[in-house]
Each structure stands twice: as C-alpha cells, then as structure tokens.
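**Q** What follows is a structure written as structure tokens; I'll ask about it next.
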Amino acid sequence: MKSFGSKPWILPQPVLIIGTYDMYGKPNAMNAAWGGQWDNGEIMISLGSHATTDNLKNNRDLTVAFATAQTMVAADYVGITSGRDTTDKMEKTGWTVEKAPNVNAPMFKEFPMTLECRVKEKLDESEHGYNLVAQIVNVLCDEKYLAIDGEPDVEKMEIITFDPIHHTYIQLGKKVGNAFADGAQIK
C-alpha cells in the first residue's frame, strides 16, 4: 500500500448547498463539502469564514440541499464566489429562490431534497470559522423524486459527491445491496 500521510479524504463527501438570508433578507448560497450526519436529527458542517457565517450570526436558520448532476455548475459557482463580493451571485445561478416553509431561510427549487435546519451550536469557533451543529427541523423532497413507497429515491436524484483527491465531482450510482439485511448471508 502507498502511504499519503494525513489528508482530508473521507469518501464520499456530500456537496451541500447552504442557504441563508443576510440581515436585509437577501438570499445567499454556498457550497460546503465537509459535512454529514451528526446525530439522529442533527447534521454537522465545517465552515470557514464566509458570507454564510456572517448571515448565521443574525439568523440561526438555514437550508441544506444536496447538489446533483443537473445543479453541478451553479453549485460549484456558489462555492468559488463569495456573497461578500458578488451582489448578483444568486441571479447568476438561475435558481428559483423561495422562503422555506418551516425556517427563515431560502430554499432553491432546482434541488430534489432540502433539509430545513436551525443552528444548535458552534464548536471550535474562531476568526477562521467553526463546526456548525444544526438541528434538522424538516426534510422537503420534490414529489418527482419519490420512490413507489413514498420515500425519497436517492437514485432518481442523481446526487453528486466531491472527490477531494482529484478535485472533481462524481455522480452517485446505482443500488448494490440492502443495508441491515445482506450481511445476514454470512451469519
């Protein structure tokens, strides 16, 4: 095996689009890859210093959407463009912005699934950012992305993941097994 030393290479890394309002109610979005499930009903996202972190000082509500193959270009754009410097950032994405129904944050209709969240706590806060722990208030899913059983169908969504090794995006693939079931074959 080849050794690479310490690298931030947990795979897969979700491509999370965080929606917030600034103090004047103007929507903003950013792309964050370092995040995941924290606990049942909570997520954690590692955030540097951004317009999003500025916005969360005044309003503890946010949305978190999962980027897809169809939203990839604009999702990458909101990751490389600062809301601090670009006044027409959201217009350039072409996304349809609506207020989320259960939190005071924007949601973007082009994404198949969105988490409505509220900041629970900020860990290791410094001038460089913090680790955000957020409570999931509600999950919204566009009905065209539901499976026959009425639950969200991840395969239909064409969610992408960030490859931190080669700095690329990869679309998640097809189902290959059944969790909490297939392992019973070797009991």
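**Q** Pull up the range 59-87, narrow it to residues that are modelled with pLDDT under 95 and over 26 Å from Met157 (Cβ atoms), then point me to the one that is nearest to the chain's Cα centre (by Cα).
**A** Out of the qualifying residues, it is Ser82.
**Q** Working only within the range 41-58, note down all residues that are of a type outside the set (A, V, I, L, M, F, W, C), surrounded by 22 or more Cβ atoms within 10 Å (Cβ to Cβ) and within 15 Å of the chain's Cα centre (by Cα).
**A** The first filter runs over the range 41-58 and keeps only residues of a type outside the set (A, V, I, L, M, F, W, C), leaving 41-42, 46, 48-50, 52-55, 57-58.
Narrowing the set further to residues that are surrounded by 22 or more Cβ atoms within 10 Å (Cβ to Cβ) leaves 52, 55.
Within the range 41-58, Thr52 is the sole residue that qualifies.
**Q** What number of residues in the range 151-171 are within 21 Å of Lys109 (Cβ to Cβ) and of a type in the set (A, V, I, L, M, F, W, C)?
**A** Within the range 151-171, residues that are within 21 Å of Lys109 (Cβ to Cβ) and of a type in the set (A, V, I, L, M, F, W, C) number 4.
**Q** Further question on the same structure: Which members of the range 4-25 meet the condition of being in a strand (DSSP E or B) and of a type in the set (A, V, I, L, M)?
**A** Step one: of the range 4-25, the residues in a strand (DSSP E or B) are 13-14, 16-21.
If the condition is that a residue be in a strand (DSSP E or B) and of a type in the set (A, V, I, L, M), then Leu16, Ile17, Ile18 are the ones that fit.
Residues checked against (1) under 18 Å from the mean Cα position of the chain (by Cα); (2) of a type outside the set (A, V, I, L, M):
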residue: Ile159; (1), (2): yes, no
residue: Asp163; (1), (2): yes, yes
residue: His167; (1), (2): yes, yes
residue: Lys175; (1), (2): no, yes
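**Q** For the range 114-126, give me each residue that is closer than 29 Å to Lys92 by Cα and surrounded by fewer than 18 Cβ atoms within 10 Å (Cβ to Cβ).
**A** Selection gives Arg118, Val119.
**Q** Suppose the filter is at pLDDT 95 or above, β-branched (Val, Ile, Thr) and either surrounded by 13 or more Cβ atoms within 10 Å (Cβ to Cβ) or in contact with a helix residue (DSSP H, G or I) (Cβ under 9 Å, 6 or more places away or on another chain) (or both); does Ile148 pass it? Even if it seems obvious, please write down each step before you answer.
**A** Numbers: at pLDDT 95 or above: yes; β-branched (Val, Ile, Thr): yes; either surrounded by 13 or more Cβ atoms within 10 Å (Cβ to Cβ) or in contact with a helix residue (DSSP H, G or I) (Cβ under 9 Å, 6 or more places away or on another chain) (or both): no.
No: the conditions fail for Ile148.
**Q** Taking the range 138-187 as the region of interest, how many residues are in a helix (DSSP H, G or I) and closer than 27 Å to Cys117 by Cβ? Spell out how you get there, then give the answer.
**A** Taking the range 138-187 and keeping what is in a helix (DSSP H, G or I), we get 143-145, 154-157, 182-186.
Narrowing the set further to residues that are closer than 27 Å to Cys117 by Cβ leaves 143-145, 154-157.
Qualifying residue count, the range 138-187: 7.
**Q** Run down Ala65, Ala69 and say which single residue is buried (at least 19 other Cβ atoms within 10 Å of the Cβ) and in contact (Cβ under 8 Å) with a residue 24 or more places away in the chain.
**A** Just one listed residue meets the conditions, Ala65.
**Q** Would you mind telling me which numbered condition in (1) surrounded by 16 or more Cβ atoms within 10 Å (Cβ to Cβ); (2) at pLDDT 95 or above Trp38 fails?
**A** All conditions are met except number (2).
The values are calculated or read from the model by the stated rules, or taken from the named source; none is laboratory data. No experiment lies behind these values; they were computed from the predicted model shown. FYI the Cβ positions are ideal-geometry reconstructions off the backbone, even for glycines, and counts take in every protein chain you see.
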